[in-house]
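Written below as structure tokens is the structure these notes are about.
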Protein chains: 2
Amino acid sequence: MTVLESAPVKVQTCAGASTHPRPTGQDRYTISEVVAHTGLSAHTLRWYERIGLMPHVDRTHTGQRRFTNKDLDWLSLVGKLRLTGMPVADMVRYAELVREGEHTFSEREELLTAHRESVRQRIAELQDTLQVLDFKIDIYAGGRRVTERA
Amino acid sequence: MTVLESAPVKVQTCAGASTHPRPTGQDRYTISEVVAHTGLSAHTLRWYERIGLMPHVDRTHTGQRRFTNKDLDWLSLVGKLRLTGMPVADMVRYAELVREGEHTFSEREELLTAHRESVRQRIAELQDTLQVLDFKIDIYAGGRRVTERA
DNA sequence: CGCTTGCTTGGAGTGCACTCCAAGTCAATA
DNA sequence: TATTGACTTGGAGTGCACTCCAAGCAAGCG
């Protein structure tokens, strides 16, 4: 069984086929569960909250955090953006826009579109370098007789 | 007159079609010329030298640096590696191997091959995220009627 | 009750890759 | 000769993204 089967309404909240450890309704994860699921450290999760990179996280009556599936989705997006080199400050800006509501849709779109462009450029850059690496590796692999240079 | 016109032998030293500001023989660049050519700062060039990321750079009798075309080629490679996220420590290691001579060919090849693999993975990762971005941008662009979520 | 485990906090510390500073030397021009 | 400007050095400072610390609270177990 995939996690999708018993989901009642299962709104596709965010990106692609994100699967949650527990169905909506039972989704109150401790920080260590989120650590296990996301690979982020507890420190980082708390830090993300402090700097405004998380929507307000639920608390128990004793003040412990309880994360929801929605939080997991958000963290998954944040993870993608971070992986693609978006500065934390920009992600915080994006989070602010989300908090401000629907009237920021176009600004959010701009932000994401700009970032997509930068990711595309980065890919191109990397592919460019790949050729240089291929070239140099060829030299090392093929010609051990080449004279010493770099 | 462009700087290239009188180029005598023009040995293709390193990667691809690298063009040098001046032909071999007249290649004694000041640090500011190298700054202009590479886009690196003078600070960074000196720092690279301090940490062992440069082969020994020539000096004038008064101690000023004079870079050669070979240095430019090396910096171009370093720039590529850095752009692709190789840690400075690894680049220093590579520089050491180069200094040690031909018997380190295979270790250099390994290092470069490993890095190539990491670059490939990085590209795949980025392309993955690109899809997420496309998906979200579509939502913002297409459906302004979608309910508020991330 | 005491102990352990897991969480809480503000603030300080870390590692990387620069980046800058102060003080000095040297060569060329006014 | 005086000044300007490009260069030199060791060491300190910066910005980012964490990462850790000390001290404390709450729940569960023997």
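Take A:Q26, move 7 Å from Cα toward the beta carbon, and the resulting point lies 7.7 nm from the same point in each other copy, nearest first. Within 10 Å of the Cβ of each residue in A:135-142, the mean number of Cβ atoms contributed by other protein chains is 5.
Taking each residue of B:108-117 in turn, how many C-beta atoms of other protein chains fall within 10 Å of its C-beta, and what is the average?
Numbers: counts 5, 7, 2, 2, 8, 5, 0, 3, 7, 1.
The shielding value for this peptide is 4.
For the stretch B:31-142, what relative contact order do you get, as a whole percent, if you take Cα pairs closer than 8 Å and at least 6 residues apart? Intermediate values should be presented prior to the final figure.
Working: 54 pairs, mean separation 20.2, N = 112.
Here the relative contact order equals 18 percent.
Distances between copies of B:G85, taken at a point 7 Å out from Cα along the Cα→Cβ vector and listed shortest first: 0.9 nm. Averaged over peptide B:47-59, the number of partner chain Cβ atoms lying within 10 Å of each residue's Cβ comes to 0. Contact with the other protein chains removes 20 Å² or more of accessible area, compared with the isolated chain and a 1.4 Å probe, from these residues of the stretch B:76-92: B:L77, B:K80, B:L83, B:T84. Averaged per residue, the stretch A:31-142 has 51 square angstrom of accessible surface, using a 1.4 angstrom probe with ligands and nucleic acids left out. For the rotation carrying B onto A, the chain B residue whose Cβ lies nearest the axis, with the distance in whole Å, reads B:I123, 3.
Determine the distance separating the Cα centre of the stretch A:123-137 from the Cα centre of the stretch B:54-112; give it in Å without decimals. Their Cα centres are 17 Å away from one another. Overall form of the stretch B:31-142: oblate. Here a/c, set by the Cα gyration tensor axes a ≥ b ≥ c, is 1.5 or more, and a/b is not larger than b/c. Placing a label point 7 Å from Cα along the Cα-to-Cβ axis, A:E96 is separated from the same position in the other copies by 4.5 nm, shortest listed first. Peptides B:24-36, A:128-140 ranked from most to least packed give A:128-140, B:24-36, packing being the mean of other C-beta atoms within 10 angstrom over each peptide's residues. Taking the 1.4 Å solvent-accessible surface of the stretch B:31-142 as the whole, the part contributed by carbon and sulfur is 50%. Ignoring ligands, DNA and RNA and using a 1.4 Å probe, state the total buried accessible area between A and B in Å², rounded to the nearest 100. In total, this chain pair buries about 4800 Å².
List the GluC sites (Glu not before Pro) within the stretch A:64-150 that DSSP assigns to loop and that have no more than 10 neighbouring Cβ atoms inside 10 Å.
Numbers: sites: A:E96, A:E100, A:E102, A:E107, A:E109, A:E110, A:E117, A:E125, A:E148; in loops: A:E148.
Listed in order of number, the matching sites are A:E148.
The values are calculated or read from the model by the stated rules, or taken from the named source; none is laboratory data. Note that the structure is a prediction, hence the values are computed from the model and not measured. Ideal geometry is used to build each Cβ from the backbone, glycine not excepted, and the neighbour counts take in all protein chains shown. Heads up: the accessible areas ignore ligands, DNA and RNA and are worked out on the full protein's heavy atoms, side chains in. Shrake-Rupley method; radii C 1.70, N 1.55, O 1.52, S 1.80 Å.
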